Amino acid sequence: MMSLAARSGAFSPYMQATAFVVPGPLKSLIPGVVVKGETILVDPKKPFLCRESLSGQSPKTGPAVTVCINGCAGVRFAHTDIRIPDYSDYRRPEVQDPQKSSQDSSESRRTFSYLVTGAATVMGVYSAKTVVSQFVSSMSASADVLAMSKIQIKLSEIPEGNNMTFKWRGKPLFVRHRTEKEIATETAVNLSELRDPEHDKDRVKDPAWVIVLGVCTHLGCVPIANAGEFGGYYCPCHGSHYDASGRIRKGPAPLNLEVPFYEFLDEDTVVVG
Amino acid sequence: MSLTKSVYNLLFRRTSTFAITIMVGAVVFERIFDQGGEAVFEQMNRGKLWKHIKHNYENKEEE
């Protein structure tokens, strides 16, 4: 376009507005003068590595326009005033040389990149897992609290047919040594008679021992052992009758007495909790 | 070179195998790192931990 304007003969002075100072309402302080660009000396010894390293030797003048009928109309060094940084420090050594094909080293560079990514992710996964597990375990009960939450009971101290009350986690705990007759009665109970149907076998680990929480399921009173119409427990507050397996048989309570988790260490000891 | 190539093709090429590699690597790394740290700690505190001096007290009780 510029060359077309330059070669249009007699019209050229009229078509290139930039060559003349156009009088306007605002007068510029410095009149527009076309400054001839400096001659640039290109250092031929400097290695021409890549486009970026060219910035060290390319012309640094602004746009220069020359108008001549026979010559080229204008040479514009596009954006040569912008300094492009040299990234060769950040490039991998395999791709420093622009003459070499980068495909030859692509395999090792790619593997290295993935290896670094994978290793960083492994570290991240490990750290995340450690942080989460530490945080979650900090919310669980500490060892002294766990030790307090267990109770060890010597069963030989409880005579047959008797019920003993222990304190466990702030609540009364009934341990009942049943007689053969009681065991036979409770196993024979028809499930359809029960309000909260549960077989006696499901409530005990050893049929001789019934271990239940001494909290009435109605409103939380402590039942009285060996009382009531069914020979088990009787709640004095509102008259709930439990049988010798701790199951509700009569009265307002909706559920059987709760059976905590317990295990027999040996014939003589049981650990509740 | 062939090793890196086979590692890349086997483990890193697919995202699925890459993820599995990371998970397995995390488990392996956790074991090595934790047990290594534990071993270093015990080495530095040799003779001070309860499990190192426990036998002294057990012998006294038996006598």
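Quick notes
- The C-beta contact set for the range A:102-125 (first residue facing chain B (nearest Cβ under 7 Å), second residue not in a helix (DSSP H, G or I), distance under 9 angstrom, 6+ apart or interchain) comprises A:107/B:1; A:108/B:1; A:114/B:13.
- Selection of the range A:204-243 for residues being more than 16 Å from residue A:185 (Cα to Cα) and touching a residue at least 60 places away in the same chain (Cβ under 8 Å) yields A:211, A:225.
- Applying a threshold of 6 Å to beta carbon distances and a minimum spacing of six or more residues, or different chains, the list of pairs starting in the range B:27-51 at a residue that is assigned to a helix (DSSP H, G or I) and ending at one that is at pLDDT 95 or above and of a type outside the set (D, E, K, R) reads B:29/A:122; B:29/A:126; B:30/A:126.
- Test result for residue B:7, away from chain A (no Cβ under 11 Å), outside any loop (DSSP other than H, G, I, E, B) and surrounded by 10 or more Cβ atoms within 10 Å (Cβ to Cβ): no
- In the range A:256-267 there is at least one residue that is within 43 Å of the chain's Cα centre (by Cα), outside any loop (DSSP other than H, G, I, E, B) and not acidic (Asp, Glu).
The values are calculated or read from the model by the stated rules, or taken from the named source; none is laboratory data. These figures come from a predicted structure and were not determined experimentally. Neighbour counts are summed over all protein chains in view; Cβ atoms, including those assigned to glycine, are modelled from backbone coordinates with ideal geometry.
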